[in-house]
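Data first, discussion second: the structure below is written as structure tokens.
Read-outs throughout are calculated quantities, based only on the coordinates presented, and are distinct from any laboratory measurement. Keep in mind it's a predicted model, so treat the numbers as computed, not measured. Cβ: placed from backbone, ideal geometry, glycine included. Neighbour counts: every protein chain shown.
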Amino acid sequence: MASPAYATDKSKTNAPDPEQRLKKIYDQVSRKTGMPWQEVAAIDKYERALSRAHRKTRPLREGAAVGVFISEARWAGELNPDPQDDQPVSIRFFGGVGRDGSGDGIADRGSDVDLLYTVASRVKEHGSGPDDFAIGLWEYYHNTRSVQRILQFVKILEAFGRQDLTRHAFPLPIGSNYSYRSTWGDSRGWGGYRIHEGTDIFAGYGVPVRSTTYGIVELKGWNRYGGWRIGIRDLDNLYHYYAHLQGFEKNLKPGDVVQPGQVIGWVGSSGYGRPGTSGKFPPHLHYGVYRDRGLVEWAFDPYPMLRKWEREERKALRVTR
Ligand SMILES: [Zn+2]
């Protein structure tokens, strides 16, 4: 007889946590290629972000754990008469990239492990030296942005030692005085854009501005419109842009890794002139988010995410108090 407790445990085993399932796949591909799991995970996260940005041309199969997309023609080989070929020998003969990573003798385009192993092992072919990972990435993607992104992801994953870095924070401390509304496309928004791409959060001078995500500082400095601004890249390949700051957290520099809630600067009114210009509009944080589509980046409305993060953080604070 199964006790209720046993039944609960069993249902847990049948539906493992998606992050645990991913970690298992990363470890398996890591063992088989000899590539650190952070590099394997970084490739997968980059592939997932590309697939998310190009849903029509990079459709992922239902229930897929990894984000890797390889077209049938690329997998089996352009001239392969069987576009669904899963035999490693004939795939290789027709110049396809598909490989067997799971060890069942089949190069299965519907297998998470085979998909991720195929990319990782091709990148790894260029060797194990310090620069070989970047060279391998270049050989696979032929795109310097892809190489830069994946190397940034590796740095984030190495810093935290785990891959489930999904927590977010509201950019200003919950409980500080601020106000914001949806200003997407507002022609009168502050920031010098013809169409306002972001959300303005109004607050007093000196209120801390915090990173909303786990990420890596990509840019820091002055911009004529944005004033003192900072740009942070996250593992979903989103670029978070914080502008009009009064100043930066002193020790922060490009290439540094940050976590959600970490202070990166202070609310100000800098911008609209030479470096240091300030006070031409009321102090506020301009927060923008851009999705990397491979060659270009597109802004999207951060307002719904801000509402969500604010709600989540409020709830968490209530629980701990
Ligand atoms: Zn703005």
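Helix 18-33 and the longest principal axis of the C-alpha atoms of the chain enclose an angle of approximately 60°. With Rh defined as the Kirkwood radius, the inverse of the mean 1/r over Cα pairs, the Rg/Rh of the chain is 1.04.
Computed about its Cα centre, the charge dipole of the chain is approximately 1440 debye, with only Lys, Arg, Asp and Glu carrying charge at their Cβ. Net charge in the neighbourhood of residue 85 (other residues with Cβ under 15 Å of its Cβ; Lys, Arg +1, Asp, Glu -1) is -3. Local charge for residue 255 was computed over the other residues whose Cβ lies under 14 Å away, with Lys and Arg +1 and Asp and Glu -1, and equals +2. Fully extending the segment from residue 131 to residue 24 would add 35.9 nm, taking 0.36 nm per residue of separation and subtracting the current Cα-Cα distance. Amide H to amide H, with H built 1.01 Å from N, residue 277 comes under 5 Å of 271, counting only residues 5 or more places away or on other chains. Taking other C-beta atoms within 10 Å as the exposure proxy, 157, 22, 219, 60 rank 219, 60, 22, 157 from fewest upward. Here, region 178-320 yields an orientationally averaged convex hull projection of 8.8 nm² when only Cα atoms define the hull. Comparing mean-square fluctuations of 177, 251, 223 from a GNM of the chain with C-alpha springs under 10 Å, the top value falls on 251. Exposed loop sites were defined as GluC sites (Glu not before Pro) in DSSP loop states (anything but H, G, I, E or B) carrying at most 14 other C-beta atoms within 10 Å; in the chain the longest segment without such a site runs 126-321. Among 17, 236, a tally of other beta-carbon atoms within 10 Å of each Cβ gives an order, fewest to most, of 17, 236.
Rounded to whole numbers, the Karplus 3J(HN,Hα) couplings from phi for region 261-269 are x, 6, 5, 10, x, 9, 4, x, 9 Hz, using 6.51 cos²θ - 1.76 cosθ + 1.60 with θ = phi - 60°, and x at Gly and Pro. Under a 5 Å amide H cut-off, with hydrogens placed 1.01 Å from N, residue 186 pairs with 196 among residues at least 5 apart or on other chains. Bridging of residue 315 to lysines at a Cα separation below 29 Å is possible for 12, 23, 45, once same-chain residues fewer than 8 apart are set aside. Here the Gaussian network model covers the chain, with springs between Cα atoms less than 10 Å apart; of 120, 64, 42, 64 fluctuates the most. When the chain is described by a simple charge dipole with +1 on each Lys and Arg Cβ and -1 on each Asp and Glu Cβ, the residue from 152, 16, 261 located farthest towards its positive end is 261.
Helix 132-141 and the long axis of the chain differ in direction by around 80°, with both axes built from C-alpha atoms.
Compare 105, 198, 231 in a GNM of the chain, Cα atoms joined below 10 Å, and give the one with the largest fluctuation. The residue with the greatest mean-square fluctuation here is 105. Each residue of region 93-98 was assigned a 3J(HN,Hα) from its phi angle through the Karplus expression (A = 6.51, B = -1.76, C = 1.60, θ = phi - 60°), giving 4, 8, x, x, 9, x Hz with x at Gly and Pro. Seen from residue 49, the other residues with C-beta closer than 11 Å to its C-beta sum to a net charge of +3, counting Lys and Arg as +1 and Asp and Glu as -1.
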